[in-house]
Amino acid sequence: MSRRLLVTGGAGFIGSNFVHYWCDNYPDDKVVVLDALTYAGNRANLSSLEAKKNFCFIKGDICNSSLVKQLLESEKIDTIAHFAAESHVDRSILGPGAFVQTNVVGTYTLLEAFRQYWLTQNQPGHYRFLHVSTDEVYGSLSPQDSPFTETTAYAPNSPYSASKAGSDHLVRAYFHTYELPTIITNCSNNYGPYQFPEKLIPLMCINALLGKPLPIYGDGKNVRDWLYVKDHCNALDIVINTGAVGETYNIGGNNEVENINLVHTLCQIIDKLAPDLPIKPSEKLITFIKDRPGHDRRYAIDATKIKNNLGWTPLVTVEEGLHLTVQWYLNHNQWWQLLLSQEYQDYYRQIYKK
Ligand code: NAD
Ligand code: DAU
């Protein structure tokens with residue numbers, strides 16, 4: 001069945017990977033990207049698609065309900081893949097307001113516009129609203145706790161995760177109350193091409209290439225589960241096409257690693273792949289700094305449901321994914337150099353000044 005997708009946040013990291021994935025796998029589908037191009041959005045991520053007749057890019061805010069309504073109608077959208085968000089925990093600590101606005105109010109705006117439109121179309125059964133969310137809504141685990149399942153109680157700890165939790169609850173309520181065909185996914189830490197330099201893996205990779213310190217928060221023993229972004233896109237495809245409406249699916253990479261170990265592995269890969277490093281071995285650059293306030297200790301995903309019900313499992317190990325990612329950043333020097341703007345330098349100083 002062909003689809004007509006509205007991809008919100010399609011110029012960001014996961015959204016742009018998803019748009020490339022979808023255009024490669026479903027060349028006859030229509031893909032409309034709606035993105036406000038905040039500091040994290042980059043139209044260059046989609047430049048190779050701009051000439052395609054089935055692709056179009058709209059610069060706009062998901063909180064603009066008349067724009068969203070007009071797009072749904074004029075483009076005859078049947079599927080929303082909702083990625084747009086403020087996504088960085090450290091920025092949510094500096095300024096939570098934008099997180100509440102985009103993540104909560106923006107998601108509400110999309111849901112309500114989609115509901116009105118779906119009603120005028122006589123509630124077609126194949127319409128979908130995919131809400132891409134995070135494992136951070138479940139809070140923090142200790143080392144001996146079992147991984148998060150879809151029924152783990154919500155316990156968000158940062159303004160970012162609280163705003164994502166709020167959006168998840170709205171999506172759930174729109175299914176429960178109005179039977180809007182929504183699906184929620186909660187995934188672990190993504191990494192891969194097109195990730196903005198502020199996040200752990202690109203930050204370490206870029207700093208090592210520039211010979212700058214590699215800042216590790218606290219004791220470095222916080223654990224994250226790493227999901228290669230292309231595995232994630234494949235999971236979202238399967239969820240859109242075969243997932244059950246009203247359901248939640250956890251998506252994980254089966255790659256739980258302590259931050260310090262991840263950075264050591266990354267340094268070894270960079271030393272192997274990068275030709276002219278200013279400082280070698282890169283591990284010499286590792287610097288422990290003051291911890292992130294409220295830093296969650298461990299996230300881990302139990303992805304049994306999506307495996308048993310929809311047949312999805314991740315294919316990329318963290319070693320393979322890190323090799324691919326480092327090589328991508330080495331090949332795309334100009335892409336990331338342009339993102340080290342004044343705004344980014346100001347942000348960097350605020351977070352890392354101590
Ligand atoms: P990102 O920050 O790289 O990209 C977000 C995109 O949304 C940007 O292109 C930005 O311009 C756009 N955007 C922001 N506010 C907007 C608004 N008001 N209107 C329209 N567009 C707006 O984020 P990402 O890492 O690609 O994450 C995508 C989604 O996946 C988010 O919802 C995030 O919460 C979720 N998620 C991310 C991860 C991860 O590891 N990156 C893990 C779990 C869940
Ligand atoms: O778990 C999913 C979440 O993963 C997503 O919902 C978020 O959008 C995404 O940003 C990510 O959140 P994290 O806070 O886990 O990712 P980040 O890359 O910021 O940090 C990963 C870990 O590394 C975390 O324990 C904090 C640590 N860290 C991070 C940075 C940027 C450092 O030690 N030093 C750093 O400079």
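The table below lists the values:
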quantity: Contour excess over end-to-end distance, with Cα ends at Gln327 and Asn241 and 0.36 nm allotted per residue; calculated: 27.8 nm
quantity: C-alpha long axis of helix 107-120 to longest principal axis of the chain, angle in °; calculated: 20
quantity: Principal axis dimensions, largest first and in whole angstrom, of region 1-158 by Cα; calculated: 50, 37, 31
quantity: Nearest-ten-degree value, helix 259-273 long axis tilted from longest Cα axis of the chain; calculated: 80
quantity: Of Lys76/Lys164; Lys76/Lys199; Lys30/Lys230; Lys69/Lys305; Lys221/Lys280, those spanning more than 32 Å from alpha-carbon to alpha-carbon; calculated: Lys76/Lys199; Lys69/Lys305
quantity: Average accessible area per residue (Å²) across the chain - probe 1.4 Å, nucleic acids and ligands excluded; calculated: 41
quantity: Sum of -39500 (n - 2.57) over DSSP H runs of 4+, divided by residues of the chain (222 nm, nearest 500); calculated: -12000 deg cm²/dmol
quantity: Cα pair distances in region 1-77, grouped into 5 Å bins until the bin that holds the longest one, percent each; calculated: 3, 17, 30, 25, 18, 7, 0, 0
quantity: Neighbour net charge for Ile269 - beta-carbon separation under 15 angstrom, K R +1, D E -1; calculated: -2
quantity: Percent carbon-and-sulfur accessible area, the chain, ignoring ligands, DNA and RNA, probe 1.4 Å; calculated: 51
quantity: Kirkwood hydrodynamic radius of region 211-260, from inverse mean 1/r over distinct Cα pairs, in Å; calculated: 13.4
quantity: Peptide ranges 310-320, 219-229 listed from the most packed, as the mean C-beta count within 10 angstrom indicates; calculated: 219-229, 310-320
quantity: Quotient of Cα Rg and 2.2 N^0.38 Å for region 79-189, N being how many residues it contains; calculated: 1.12
quantity: R0 of 35 Å, Cβ-Cβ distance Lys53-Ala98: FRET efficiency to nearest 0.05; calculated: 0.50
quantity: Rh (Kirkwood; distinct C-alpha pairs) - region 38-105, Å; calculated: 14.1
quantity: Point-to-point label distance, Asn261-Gln337, nm (Cα→Cβ direction, 7 Å offset); calculated: 3.7
quantity: Length-normalised contact order for the chain - Cα pairs under 8 Å, 6+ apart - percent; calculated: 17
quantity: Cα pair distances in the chain, grouped into 10 Å bins until the bin that holds the longest one, percent each; calculated: 5, 25, 36, 24, 9, 1, 0
quantity: Contour minus Cα-Cα distance for Arg349 and Leu315 (0.36 nm per residue); calculated: 8.5 nm
quantity: Surface accessible to a 1.4 Å probe, Asp28 within the full protein complex, Å²; calculated: 130
quantity: Angstrom value of the Kirkwood radius, inverse mean 1/r, which spans all Cα pairs in region 267-346; calculated: 16.7
quantity: Rounded tilt (10° steps) of 159-178 against the dominant C-alpha axis of the chain; calculated: 20
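The values are calculated or read from the model by the stated rules, or taken from the named source; none is laboratory data. All of these numbers come straight from a predicted model, not from anything done at the bench. Neighbour counts run over all protein chains shown; Cβ positions are idealised from the backbone, glycine included. Please note that ligands, DNA and RNA were not included when accessible areas were found on the heavy atoms of the full protein model with its side chains. Shrake-Rupley method; radii C 1.70, N 1.55, O 1.52, S 1.80 Å.
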